[in-house]
Amino acid sequence: MRNIIFILLSVALSFSCLKAEEKPASNMTAAREAKKEIKELRDSIKKIEPFFKVMGKPASNDWLASHTEAGQTFEEYLDADPTKPTKERQKIYVLPLGTFDARQQKLIAQTTEYLAAFYDLPVEQMAAKPLVVGSPKDGSPNTRQNQLTKKRQIKTGYILNDVLMPILPRDAAALIAFTVDDLYPDESMNYVFGQGSLENRVGVWSLFRLDDHTDERGFLLRTLKIAAHETGHMFSMKHCTKYECVMSGTNHLGETDSRPIDACPECSAKICWLSDTKPTERYARLAEFCRKNGLTKEAEKFTRKAEAVKKI
Ligand SMILES: [Zn+2]
Ligand SMILES: [Zn+2]
């Protein structure tokens, strides 16, 4: 996981080619309007604070026990001149890479729908594409057999550079591929859940370690959390340390499972700002998604949040 974050955050600092379009006009009225909108968003989103737990002391194997992170407020995010979607590059593409069974296909379709509700951006699921790699036995440099699981793993750099980059659509804000194969970034690591490149707008995430084949709801929730979290990195969002939030770093699946599928007030403000959406409409869409997909508790919580942000 450490490598993933490093790659995402380090490129976030240097990436700047998507921003020009979204700057407000440089006259005083536009600047005042933008400031007013940001204040209104901040005031509105504050009302969801009671729905989130303030981040407590981490257990010894949790992310924050081994990573020193400062977090990122909404204002710090705005000051960092983040990457956000533009008119020309607005769409999130989801690509199933390899062969998926019926339940995995359903999960990818659900995840695509969740991303559309979560980021209020056009999201398109691309037609599945075969994942062609050599066999470890044939000495392929892009694959190996994992020592512990004895299963094939695929090198993330190969997928990002040789599979995704050549097919990146011009209007993509991000192209996110899912695979059922296990992944590794280089010989120094046993595995990674996924890896993304903000600079190149591509990422790949594996379902391999998310699925324990017993808990369908848990498998769906994990996948939704990972998709929302990693797409947030694609839009320059850093890890959240203020609340237990979908944007908080996680070191293990137990930690992922304990986190909500939603973003805290700080991170939700960033999402509403980057997609220019109203919190109340966003929560209503998320509630509808959860209702439709059997996530009853989550649906009820989103409905309460939609009500909360409406109140003056
Ligand atoms: Zn992360
Ligand atoms: Zn947060």
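FYI, it's all coordinate maths here, none of it is from the lab. Everything quoted here is computed from the prediction, not taken from an experiment. Please note: Cβ atoms are built from the backbone with ideal geometry, for glycine as well, and neighbour counts cover all protein chains shown.
Rounded to the nearest 20 debye, what is the charge dipole size of region 26-94 about its Cα centre when +1 sits on each Lys and Arg Cβ and -1 on each Asp and Glu Cβ? Intermediate values should be presented prior to the final figure.
Values: 13 positive and 12 negative charges, 58 e Å.
Its charge dipole is roughly 280 debye.
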(request) Pull up all non-local amide H partners of TYR243: gap of 5 or more, or a different chain, and H-to-H distance under 5 Å with H placed in the peptide plane. (result) MET55
(message) If the elastic network links every pair of Cα atoms under 10 Å, which of THR143, THR296, THR29 fluctuates the most in the Gaussian network model of the chain?
(response) THR29
(message) If amide hydrogens are placed 1.01 Å from N in the peptide plane, which non-local residues have theirs closer than 5 Å to the one on TYR184?
(response) ILE154, LYS155, THR156, VAL192
(request) Could you state the angle between the C-alpha long axis of helix 265-275 and the longest principal axis of the C-alpha atoms of the chain, as a value from 0 to 90 degrees rounded to the nearest 10? (result) 90 degrees
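In nm, what is the difference between 0.36 nm times the number of residues separating GLU216 and ALA102 and their Cα-Cα distance?
Length gained between GLU216 and ALA102: 39.8 nm.
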(request) Go ahead and estimate [θ] at 222 nm for the chain from helices alone: -39,500 (n - 2.57) per DSSP H run with n ≥ 4, summed, over the residue count, rounded to 500. (result) -12500 deg cm²/dmol
(message) Using only Cα atoms and rounding to the nearest 10 degrees, what angle (0 to 90) does helix 2-14 make with the longest principal axis of the chain?
(response) 50 degrees
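First select every other residue whose beta carbon is under 15 angstrom from the beta carbon of ARG152; then total the charges, Lys and Arg +1, Asp and Glu -1.
+3
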(request) Note the full-extension length gain between LEU78 and GLU187 as 0.36 nm times their separation in residues minus their Cα-Cα distance, in nm to one decimal. (result) 35.5 nm
(message) Give me the extension gain from LYS35 to THR149: residue separation times 0.36 nm, minus the current Cα-Cα distance, reported in nm with one decimal.
(response) 35.7 nm
(request) Using a Gaussian network model of the chain whose springs link C-alpha atoms within less than 10 Å, name the residue from LEU295, LEU164, LEU175 with the highest mean-square fluctuation. (result) LEU295
(request) Taking only Cα atoms and a 10 Å spring cutoff, compute GNM fluctuations for the chain and point out the largest among ALA287, ALA70, ALA117. (result) ALA70
(message) Students often forget the sequence filter, so: which lysines lie under 25 Å Cα-Cα from LYS137 once same-chain residues fewer than 8 apart are removed?
(response) LYS129, LYS150, LYS151, LYS155
(message) I need the phi-derived Karplus couplings for region 28-37: 6.51 cos²θ - 1.76 cosθ + 1.60, θ = phi - 60°, integer Hz, Gly and Pro marked x.
(response) 4, 4, 4, 5, 5, 4, 4, 5, 5, 4
(request) Let me know the charge dipole size of the chain about its Cα centre in debye, to the nearest 20, where only the beta-carbon of Lys, Arg (+1) and Asp, Glu (-1) is charged. (result) 480 debye
(message) Tell me which trypsin sites (Lys or Arg not before Pro) from region 69-172 have a DSSP coil assignment and no more than 16 other beta carbons within 10 Å of their own.
(response) LYS87, LYS150, LYS151, ARG170
